[in-house]
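Everything on this sheet refers to the single structure shown next.
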Amino acid sequence: MKNHFNGTEALDDRSSPIQQSDLEEDGIEVQSLRPWGVGLDVHKLFIQVSVIVKKGNSYFEYRKEFKTTWDDVCNAKEWVISTIETQSDPKVTINDSEPFRYCLESTAQYHEIVIRAWQGEPELINPLLAGATLRKTDTIDAQKLARMSLSGVWRAYYVPSDDIRELRALIAERSNYGTMATRTSNRINSMLLRFGITVGREGSVTKSSRVRGIVEGLIEDDFDEADGPVAGMDMEEDGESDFGISLCPDGLPESVKELIREEYDLYDSYIAMHDTFQQKVVDKVRSLKWETRDSALEGDEMLHLLETVPGVGTVTGCIWLANIITPRRFPNAKACSAYCGLDPSVQISAKHVTGRKMRKGNKDLHSSLTLAAGNLINRHSEAIGQWGYRLYLQTGRWKKAVNAVARRLAMSMYQVQLRGEAFSYDKYNIVRRTKVIDISIEDLVVLKPEFNRYIRILKENGIETTAQLVAAYEEFTLTKMKGLGKKFYSLVQDFIDNQKDYKARYDEIAKKDTDKKVR
């Protein structure tokens, strides 16, 4: 393959026929090559552009580098369109019927200037999904992205409006001040620990008014050692203060007291800024209109509807709207939950489920929803929280239970926004129903001997068939039965996941028994 700088043949014209026995004889179209593709490797100071166009039966690549000033980025677009229209054979014209597409990686915020200047239909992808190459240079990266653009492997990126960009900036600033406040609180506690003051074990040195009062007493200027480690507090002989907390009697050096005072001032200022930006976020959300499936609702109404979902508050609702924007972006609730990093991908080999992998998805949504889910499970006052709590008891895996509840929250919020209706348990199936072969548990032992040790326990609790067993498993009532551990639950999950194999084995055994009776 040639690889020169200008107008070089970049792709071999090879085809890879689909070989799969269960496809129709004529095959099915899964992907078609586009007549051209554009890839960009974006950096702080420059962008490397690769354009691949079709000439006859071959594909040729054109490369050029541009600076990241506004004029240069606009010139880059003009060069790309000119190259496509003048070098393609058959001729191509960029217009409404042939939209301007290009593929680039999400690199910090450097890609934003390209999307704003070029408009069109960008295909923005995570750098981890672009794939590794044996050699890595800027030109190779740009060519790789141009090939992806040529094949149309990625969907067009949903370009947010300036209002959404502003809302996201406000949320980021709110989060930033919250993070700085947390770091300040940790620094205060760290300084106290250096001098043997373990008051932080009683609660946060900033959020707990009781604990903060004790620390502020320690750093008072009128501290008197005779009064004990907290000014104005009488100390008992055993070293306990009036607060009932045993503290190191050595006190703190003056310079450290001054540092802690400054840290408290910083913390208070960070919290004030955090609250200010939080109010700005809420005000911005309420000032916008938000799309449903068929119409749009005012921000106040949409936020109120989202807050009807269990565990979802104002902040979670704002973060949801800032990142989801519109439910029309997604074909279904499952795709939306995958965007939130809450849809496990099933790994299948030889028709068996070999594992599950959770993709990361949107960081802010994932964090916000899992936090809400954890609170629901801890309280387990709502039906979804109770479901998650039973799942945790049954599996012994907290993270699995949190992710499962968070996924249900994501799908619920999607449906609420899509329909423009408040959440209702009447429209929500909290327990799934899996269809399995309904046989006696004695027959199940024949198919899977490992179940034999659990037969007595199941029968004592009134479970006689596999349908009853699976129903109890999915309703989490098995947790009340003593003697069933993780090994048993994994066996039940294997039975559910591999129904085809169990049914085939059962039919085979039943056929052999029938043949014996006939003889």
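The values are calculated or read from the model by the stated rules, or taken from the named source; none is laboratory data. Owing to the predicted nature of the structure, the values given are computational and were not obtained by experimental measurement. Here Cβ is always computed from backbone atoms with ideal geometry, including for glycine, and neighbour counts include all displayed protein chains. We work out accessible area using only protein heavy atoms, side chains counted, and drop any ligands, DNA or RNA first. Shrake-Rupley method; radii C 1.70, N 1.55, O 1.52, S 1.80 Å.
Consider the range 354-370 and keep the residues that are open to solvent by 20 Å² or more (accessible area, probe 1.4 Å) and touching a helix residue (DSSP H, G or I) at 6+ places or on another chain (Cβ under 8 Å). The one that is modelled with the lowest pLDDT is 358. Residues in the range 312-323 that are surrounded by fewer than 21 Cβ atoms within 10 Å (Cβ to Cβ) and more than 12 Å from residue 171 (Cβ to Cβ): 313, 314. Within the range 381-392, residues that are free of Cβ contacts under 8 Å to residues at least 12 places away in the same chain sit with their Cβ atoms under 6 Å from residues that are in a loop (DSSP other than H, G, I, E, B), at 6+ positions apart or across chains, in these pairs: 386/380.
Of the residues making up the range 5-60, those that are at pLDDT 70 or above, part of a loop (DSSP other than H, G, I, E, B) and touching a helix residue (DSSP H, G or I) at 6+ places or on another chain (Cβ under 7 Å) are 33, 34. The set of residues from the range 207-227 being surrounded by fewer than 19 Cβ atoms within 10 Å (Cβ to Cβ), modelled with pLDDT of 90 or more, of a type outside the set (Gly, Ala, Ser) and part of a helix (DSSP H, G or I) comprises 210, 216. Scanning the range 49-77 for residues that are under 36 Å from the mean Cα position of the chain (by Cα), open to solvent by less than 10 Å² (accessible area, probe 1.4 Å) and farther than 13 Å from residue 102 by Cα returns a single hit, 73. Which residues, taken from the range 48-77, are hydrophobic (A, V, I, L, M, F, W, C) and free of Cβ contacts under 8 Å to residues at least 24 places away in the same chain? Across the range 48-77, the qualifying residue is only 66. Per the listing 436, 445, 492, the residue uniquely open to solvent by less than 60 Å² (accessible area, probe 1.4 Å), touching a helix residue (DSSP H, G or I) at 6+ places or on another chain (Cβ under 8 Å), within 17 Å of residue 390 (Cβ to Cβ) and β-branched (Val, Ile, Thr) is 492. The condition of being modelled with pLDDT under 95 and more than 24 Å from residue 493 (Cβ to Cβ) holds for only one of 294, 283, that being 294. Screening the candidates 517, 459, 500 for the property of being open to solvent by 50 Å² or more (accessible area, probe 1.4 Å), modelled with pLDDT under 80 and part of a helix (DSSP H, G or I) yields one hit, 517. Scanning the range 173-190 for residues that are open to solvent by 60 Å² or more (accessible area, probe 1.4 Å) and either among the aliphatic types (A, V, I, L, M) or more than 20 Å from the chain's Cα centre (by Cα) (or both) turns up 173, 182, 183, 186, 187.
With respect to residue 116, is the statement that it is open to solvent by 30 Å² or more (accessible area, probe 1.4 Å) and more than 30 Å from residue 172 (Cα to Cα) true? For residue 116, the condition - open to solvent by 30 Å² or more (accessible area, probe 1.4 Å) and more than 30 Å from residue 172 (Cα to Cα) - is not met. Would you say residue 263 is of a type in the set (Asp, Glu), more than 30 Å from residue 374 (Cα to Cα) and buried (at least 16 other Cβ atoms within 10 Å of the Cβ)? Yes, satisfied. If only residues of the range 266-306 that are in contact with a strand residue (DSSP E or B) (Cβ under 9 Å, 6 or more places away or on another chain) and hydrophobic (A, V, I, L, M, F, W, C) are counted, the one that is surrounded by the fewest Cβ atoms within 10 Å (Cβ to Cβ) is 296. Residues in the range 462-489 that are free of Cβ contacts under 8 Å to residues at least 24 places away in the same chain, surrounded by 14 or more Cβ atoms within 10 Å (Cβ to Cβ) and closer than 14 Å to residue 442 by Cα: 463, 468.
In the condition set (1) assigned to a loop (DSSP other than H, G, I, E, B); (2) open to solvent by 60 Å² or more (accessible area, probe 1.4 Å); (3) among the hydrophobic types (A, V, I, L, M, F, W, C), residue 309 is compliant with all but (2). For residue 168, the stated conditions hold: it is in contact with a Pro (Cβ under 8 Å, 6 or more places away or on another chain) and either open to solvent by 60 Å² or more (accessible area, probe 1.4 Å) or modelled with pLDDT under 95 (or both).
Per the conditions (1) at pLDDT below 85; (2) under 25 Å from residue 187 (Cβ atoms); (3) not β-branched (Val, Ile, Thr), the sole criterion not satisfied by residue 235 is (2). Only one of the numbered conditions (1) modelled with pLDDT of 90 or more; (2) open to solvent by 70 Å² or more (accessible area, probe 1.4 Å); (3) over 27 Å from the mean Cα position of the chain (by Cα) is not met by residue 134, and that is (1).
Take the residues in the range 78-107 that are open to solvent by 20 Å² or more (accessible area, probe 1.4 Å) and touching a residue at least 60 places away in the same chain (Cβ under 8 Å); name whichever of them is nearest to residue 45 (Cα to Cα). Per the stated criteria, the residue is 107.
Go through the range 191-206 and report how many residues are exposed (fewer than 15 other Cβ atoms within 10 Å of the Cβ) and either modelled with pLDDT of 95 or more or over 32 Å from the mean Cα position of the chain (by Cα) (or both). Count: 7. Residues of the range 324-334 that are open to solvent by 20 Å² or more (accessible area, probe 1.4 Å) and either closer than 19 Å to residue 370 by Cβ or in a strand (DSSP E or B) (or both): 334 alone. Count of the range 388-445 residues, restricted to those that are part of a helix (DSSP H, G or I), modelled with pLDDT of 90 or more and under 17 Å from residue 369 (Cα atoms), is 19. Give 122, 160 a once-over and let me know the one that is within 26 Å of the chain's Cα centre (by Cα), at pLDDT 90 or above and assigned to a loop (DSSP other than H, G, I, E, B). From the options 122, 160, the qualifying one is 160. Determine, yes or no, whether residue 256 is among the hydrophobic types (A, V, I, L, M, F, W, C), open to solvent by less than 50 Å² (accessible area, probe 1.4 Å) and within 29 Å of residue 195 (Cα to Cα). In short, yes.
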